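Reading through the structure tokens given below for one structure.
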Amino acid sequence: MKNSGKYLLFLLIAALFLPLANAQTATKMDYAPKPPGSPSQVLLDNWNGIGRKLIAMAEDFPEDKYDFKPNPAQRSFAEQLLHAAGANYFFINPVKVVTVPNGDPKRTDYKTKAAIVEFVKQSFADGAALIKSKGDGGLNDLWVDPFSNRQMRFSEGAWGFMEHSGEHYGQLVVYYRVAGLVPPESRPKK
């Protein structure tokens with residue numbers, strides 16, 4: 001009986017640790033990993049990634065719900081999109097030495113879903129073109145942040161404005177859910 005207890009203990013330990021051993025060998029690849037993208041390409045891919053998510057929401061959300069607010073104190077869905085896209089020009093314009101916008105774009109200036117979708121697309125396209133024009137060599141170029149009146153590196157500003165867009169993306173996910181809808185990124189992939 002003593003030996004059968006030891007044998008069962010051995011089987012139990014083997015059963016627990018065998019999957020761990022297999023998991024470690026399963027991650028080994030038979031080919032070399034892809035090299036990383038260049039710093040400017042990684043920056044561009046991330047800029048385009050958050051832009052793609054916001055554009056998908058702008059195109060997908062029903063136009064009759066564009067003025068939806070989860071509560072009266074918040075921006076509407078349309079105003080959230082205009083704010084996020086408009087903020088990009090607080091980065092793009094100073095870098096290009098162009099006048100910075102005076103606040104958020106007004107909903108009254110963008111009356112239709114189509115107009116807002118086009119504005120969101122254009123702001124991310126303008127940012128993408130600027131990142132491409134800088135390339136790796138321009139990532140450390142300096143510009144003056146209009147909010148802090150501080151010099152910043154170009155890449156620092158781009159990452160900061162992508163974070164800002166990501167924060168508004170998260171808020172818009174809540175708008176979808178409160179409106180009883182499923183955001184495009186949360187739907188099953190076909």
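The values are calculated or read from the model by the stated rules, or taken from the named source; none is laboratory data. Everything quoted here is computed from the prediction, not taken from an experiment. For neighbour counting, all protein chains shown are included, and Cβ atoms are generated from backbone atoms with ideal geometry for every residue, glycine included.
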Tally time: how many residues in segment 62-76 are without any contact (Cβ under 8 Å) to a residue 60 or more places away in the chain, surrounded by 15 or more Cβ atoms within 10 Å (Cβ to Cβ) and not in a loop (DSSP other than H, G, I, E, B)?
0
Checking W143 against (1) in contact (Cβ under 8 Å) with a residue 40 or more places away in the chain; (2) out of contact with any Pro (no Cβ under 6 Å at 6 or more places or on another chain); (3) buried (at least 16 other Cβ atoms within 10 Å of the Cβ), only one condition comes out false. Which one?
(2)
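Could you tell me how many of the residues in segment 97-114 are closer than 10 Å to L82 by Cβ, surrounded by 14 or more Cβ atoms within 10 Å (Cβ to Cβ) and of a type outside the set (D, E)?
Initial filter on segment 97-114 (closer than 10 Å to L82 by Cβ): 104-107, 109-110.
Within this subset, residues satisfying the condition of being surrounded by 14 or more Cβ atoms within 10 Å (Cβ to Cβ) are 104-105, 107, 110.
From what is left, the residues that are of a type outside the set (D, E) are 105, 107, 110.
Going through segment 97-114 one residue at a time, the tally reaches 3.
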Residues that are charged (D, E, K, R) and closer than 18 Å to E163 by Cα, drawn from segment 91-126
D104, K121, D126
Before we move on, is P94 touching a strand residue (DSSP E or B) at 6+ places or on another chain (Cβ under 8 Å) and surrounded by fewer than 20 Cβ atoms within 10 Å (Cβ to Cβ)?
yes
Among the residues of segment 155-168, is any in a loop (DSSP other than H, G, I, E, B), over 24 Å from E63 (Cβ atoms), among the hydrophobic types (A, V, I, L, M, F, W, C) and touching a residue at least 12 places away in the same chain (Cβ under 8 Å)?
no
The one condition in (1) surrounded by 14 or more Cβ atoms within 10 Å (Cβ to Cβ); (2) not in a strand (DSSP E or B) that M152 fails to fulfil:
(2)
Just a yes or no: is a residue in segment 105-125 more than 21 Å from E185 (Cα to Cα), modelled with pLDDT under 95, over 15 Å from the mean Cα position of the chain (by Cα) and not polar (S, T, N, Q)?
no
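Among E59, E79, which is modelled with pLDDT of 95 or more, surrounded by 15 or more Cβ atoms within 10 Å (Cβ to Cβ), of a type in the set (D, E, K, R) and out of contact with any strand residue (DSSP E or B) (no Cβ under 9 Å at 6 or more places or on another chain)? Before you say what the answer is, go through the steps one by one.
Details: E59 fails: surrounded by 15 or more Cβ atoms within 10 Å (Cβ to Cβ).
Among E59, E79, only E79 is modelled with pLDDT of 95 or more, surrounded by 15 or more Cβ atoms within 10 Å (Cβ to Cβ), of a type in the set (D, E, K, R) and out of contact with any strand residue (DSSP E or B) (no Cβ under 9 Å at 6 or more places or on another chain).
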If you scan segment 113-149, which residues turn out to be in contact with a Ser or Thr (Cβ under 9 Å, 6 or more places away or on another chain), in a helix (DSSP H, G or I) and among the hydrophobic types (A, V, I, L, M, F, W, C)?
F124, I131
L181 vs (1) assigned to a helix (DSSP H, G or I); (2) within 21 Å of N71 (Cα to Cα): all pass except (1)
Failed condition for G37, given (1) under 24 Å from K132 (Cα atoms); (2) modelled with pLDDT under 95; (3) not in a loop (DSSP other than H, G, I, E, B), with all others met?
(3)
